[in-house]
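One structure below.
No value in this document is a laboratory result; all are computed from the given coordinates. For clarity, every value in this text was computed on a predicted model and none was experimentally measured. All Cβ positions, glycine included, derive from the backbone under ideal geometry; neighbour counts span all protein chains shown.
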Amino acid sequence: DAGVIQSPRHEVTEMGQEVTLRCKPISGHNSLFWYRQTMMRGLELLIYFNNNVPIDDSGMPEDRFSAKMPNASFSTLKIQPSEPRDSAVYFCASRSESGRLFFGSGTQLSVL
Amino acid sequence: EDQVTQSPEALRLQEGESSSLNCSYTVSGLRGLFWYRQDPGKGPEFLFTLYSAGEEKEKERLKATLTKKESFLHITAPKPEDSATYLCAVQANSGYALNFGKGTSLLVTP
């Protein structure tokens, strides 16, 4: 298995633009998580899906952030409009039945 | 609210110099405590899961231990390739996600 696949690896955009981050979880994993990592706050949970259904989005900073999981093999995290304070590394992770989280390589987002 | 505090924030060791990293936690019923390793530019990579006080797990030069309030990651005779950020996370019985500490950045010099 190729593991959790995220794209793009790097995204540089200007304030106000829409940003879409993509994730393909490991096949057979029923749970998917989006995390954000910054130096100041570490890894923060944004949203959690179970069987493609959003269970908890209380970590989503504000309405500018939205996430979807249209099927078991694909999820997106969208920021519209983006702001400089959204600059961070965004990780997607899927969870095996044993409870272990498998992370993707992340998307480094820079909003200028 | 679950809290995870890791110390020190950064640690520099010489090759072969053993040490320990600390993870203090508060959680309303522990389902599991996890240790991850993160290399620059990569996502966290799973190392261990501990479920109950007194449990220990080992992998090569690493050993993780767990008490009711903290976990230690012991590094014996480290090598430069052990340089990374080590993250601790807890999952509560009532929760589904992992709550991470900010990590300890370890540098091992030859």
*asked:* If I model a spin label at A:Arg9 and A:Arg100 as a point 7 Å from the Cα along the Cα→Cβ vector, what separation in nanometres do I get?
replied: 2.4 nm
_Long-range Cα-Cα pairs in the range B:25-67 (distance over 13 Å), rounded percent_ = 59 percent
*asked:* Quick check: Cα centre of the range A:28-75 to Cα centre of the range B:34-110, how many Å?
replied: 23 Å
*Fewest Cβ neighbours within 10 Å first, please rank A:Val53, A:Val19 accordingly.*
A:Val53, A:Val19
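Percent relative contact order of chain A, based on C-alpha pairs within less than 8 angstrom and at least six residues apart?
This gives 37 percent for chain A.
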*If we count every other residue with Cβ under 11 angstrom of B:Thr49's Cβ, Lys/Arg +1 and Asp/Glu -1, where does the sum land?*
+2
*asked:* Can you sort A:Glu11, A:Glu18 from fewest to most other Cβ atoms within 10 Å of each residue's own Cβ?
replied: A:Glu18, A:Glu11
*Ranked list, fewest to most other Cβ atoms within 10 Å of each Cβ, for B:Thr65, B:Thr109*: B:Thr109, B:Thr65
_Out-of-range pairs (alpha-carbon distance over 24 Å; input B:Lys59/B:Lys79; A:Lys24/B:Lys59; A:Lys24/B:Lys63)_ = A:Lys24/B:Lys59; A:Lys24/B:Lys63
*Dipole-positive endmost among A:Thr76, B:Ser28, B:Ala53 within the protein assembly as shown (Cβ charges, Cα centre)*: B:Ala53
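When all alpha-carbon pairs of the protein assembly as shown are counted, what percent fall beyond 32 Å? Spell out each step's value before the answer.
Values: 4677 of 24531 pairs.
So the pairs more than 32 Å apart make up 19 percent of the total in the protein assembly as shown.
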*asked:* Springs between alpha-carbon pairs under 10 angstrom, Gaussian network model over chain B: which of B:Lys79, B:Lys42, B:Lys59 fluctuates most?
replied: B:Lys42
*Run the quick spin-label model on A:Asn50 and B:Glu70: label points 7 Å from Cα toward the beta carbon, then report their separation in nm to one decimal.*
3.4 nm
